[in-house]
Amino acid sequence: MGHLLGYARVSTDDQSLDLQVDALTKAGCYRIFPDKVSGAKTERPELAKLLDQIRPGDTLVVWRLDRLGRSLPHLVATVNELAERGVKFASITEGFDTSTPGGELVFHIFAALAQFERRLIQERTHAGLAAARARGRVGGRRRKLTELQARMAREMYDSRKHTVADIARTFGVTRPTIYRELGMSNNSSTPVVG
C-alpha cells in the first residue's frame, strides 16, 4: 500500500496552515508539504517537491480541492497527471477520493464540467468577435496611429527626408510600429536624410 502525502496551502504569510496540517495529520499523511503562496501563482515550491517525491500507489491528500487547483480546469489537469503516474488523489473536506468508484465518478463529472466551461468560454469569445466584426470592428490590438497619423507617416517616409527612427520619434511610437503602419518589413531600407 502506498503512502499518503499531504499538501497544504494558504495565500498569504499572515494566514495559518494549522487547520489544514492538523486535518492532514489526522487523515494519516506521513509527510505534509506546506506552501504560503497565492493559488493564482504558478510557482509553488512545496507542491513541486511533493510531485517530485510522490510515487505510483501513493495518494496526494489536500484539506480542500481549491488548495490544489487554481481553477477547475487546472485541478482536472493536475489530477489527470497524477492518475497517469499511478497516483491517487483525495480531498478531506469534500470526501473526494479517486481510489474509490464514487470518487472516480465525481472526478469524471468535474472533468466534464471543466470541458463544458472551456467550450462556453470559446463560444462566448467567438460570438463576441463575430458581433464586433458585424459592427465593423476588427479584433486584435488597437492601432497605435490614427488614420491621419498613418498618412502623415507615409508622406514623411515617401519624402525621403526622414528616417524611420525620426518618424517613430515624431509620433512617440517604436520603429516596428512605423514599419507595420507602412506595410513594410523591418528589413526594408531606411531612406537616407537628404
## Note on the structure
Taking the range 65-88 and keeping only residues that are open to solvent by less than 80 Å² (accessible area, probe 1.4 Å) and either part of a loop (DSSP other than H, G, I, E, B) or among the β-branched types (Val, Ile, Thr) (or both), one is left with LEU68, GLY69, SER71, VAL76, THR78, VAL79, GLY86, VAL87
### Task
Look through GLU94, GLU123, GLU104 and report the one residue that is exposed (fewer than 13 other Cβ atoms within 10 Å of the Cβ) and of a type outside the set (Ser, Thr, Tyr).
GLU123
### Query
Only one residue in VAL10, VAL106, VAL21, VAL76 is at negative phi and in contact with a Ser or Thr (Cβ under 8 Å, 6 or more places away or on another chain), so which one is that?
VAL10
### Task
May I ask you to list the residues in the range 65-81 that are farther than 19 Å from LEU105 by Cβ and of a type in the set (S, T, N, Q)?
SER71
### Task
Show the residue pairs that are 6+ apart or on different chains and have beta-carbon atoms under 8 Å apart, the first residue being within the range 92-113 and acidic (Asp, Glu) and assigned to a helix (DSSP H, G or I), the second being crowded, with 17+ Cβ neighbours inside 10 Å and at pLDDT 80 or above.
GLU104/THR98
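One line per residue, one yes/no per condition, for (1) modelled with pLDDT under 85; (2) of a type outside the set (Val, Ile, Thr):
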site	(1), (2)
PHE89	no, yes
LEU113	yes, yes
GLU123	no, yes
ARG133	yes, yes
ARG137	yes, yes
MET156	no, yes
THR170	no, no
## Note on the structure
The lone condition LEU145 fails out of (1) surrounded by 10 or more Cβ atoms within 10 Å (Cβ to Cβ); (2) of a type in the set (A, V, I, L, M, F, W, C); (3) assigned to a helix (DSSP H, G or I) is (3)
### Summary
Subset of the range 2-51, residues within 23 Å of the chain's Cα centre (by Cα), buried (at least 16 other Cβ atoms within 10 Å of the Cβ), among the small types (Gly, Ala, Ser) and outside any strand (DSSP E or B), comes to GLY39
#### Entry: Residue check, ARG160 modelled with pLDDT under 80, under 21 Å from GLU181 (Cα atoms) and either open to solvent by 100 Å² or more (accessible area, probe 1.4 Å) or touching a helix residue (DSSP H, G or I) at 6+ places or on another chain (Cβ under 6 Å) (or both)
no
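The values are calculated or read from the model by the stated rules, or taken from the named source; none is laboratory data. Please read all numbers here as calculations on a predicted model, not as lab measurements. Neighbour counts run over all protein chains shown; Cβ positions are idealised from the backbone, glycine included. The area values use the complete protein model at the heavy-atom level, side chains included, leaving out ligands, DNA and RNA. Shrake-Rupley method; radii C 1.70, N 1.55, O 1.52, S 1.80 Å.
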